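Inspection log for the structure reproduced underneath, given as C-alpha cells.
The values are calculated or read from the model by the stated rules, or taken from the named source; none is laboratory data. Keep in mind the model is a prediction, meaning the values are calculated, not measured. Backbone-built Cβ (ideal geometry, glycine too); neighbour counts: all protein chains shown.
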Amino acid sequence: MSRTEPVTLTNMCMIKKRDKILVLNRTDPIWPGLTFPGGHVEAYESFNDSVIREVKEETGLDITKPKLVGIKQFYDRNDQRYLVFFYIATHFTGKIKESNEGKLNWMTQDELKHHQLAYNFDHDLPVFFNSSISEHMLDGKRDELF
C-alpha cells in the first residue's frame, strides 16, 4: 500500500480590518459567489508565500504575518485529495485593486451570512470564526468539522 497520493494544494485568506472582512464575489462559473481570496500553491513555494502571493494577485493588498487557522480537505472529480489551507490576516498595506477573479467588498460577519456564498463556503466559515475548530472534512459520506 502506497503512503503517497496525488494532492492539490491551495489556500484561502480572511483579511480583517476591525469588524470588517474582505470578501471576493467570484465570477468563476464553476464556483461562483462570495468567498475569501486565495488560490493554488506553486511548486517549491511555501504555503505562507503562496497565500501572500495569491492575496496580492486577487486584491492588490500586501499581507504580512498571515496566521494558519485551519484546513479543508475533500476529494475532487478525479477522486484526488484537495487541501485548502485557511489563513487570517490582520496586517496589510496597499489599496484594494480588483482582479478578473471578481469584485471585492468589505462586510461584517453578519452581513456575509445574508449574501449568496460560494457552494459549501458556509461550512468553511466556522473554521475561520471558531478557534476550537481547525478542520473541515468533506467527502461523499460526510461533511464534518473537527
Listing of strands (runs of 3 or more DSSP E) fully contained in segment 37-90 that carry 2 or more residues being surrounded by fewer than 15 Cβ atoms within 10 Å (Cβ to Cβ): 62-64, 67-75
Residues within segment 112-140 that are modelled with pLDDT of 95 or more, under 23 Å from Pro32 (Cβ atoms) and assigned to a strand (DSSP E or B), tallied: 2
Filtered residues of segment 24-81 (kept if touching a residue at least 24 places away in the same chain (Cβ under 8 Å), more than 15 Å from the chain's Cα centre (by Cα) and at positive phi): Gly60, Lys65
Check on Leu138, of a type in the set (A, V, I, L, M, F, W, C), under 22 Å from Ile30 (Cβ atoms), out of contact with any Leu (no Cβ under 7 Å at 6 or more places or on another chain) and in contact (Cβ under 8 Å) with a residue 40 or more places away in the chain: yes
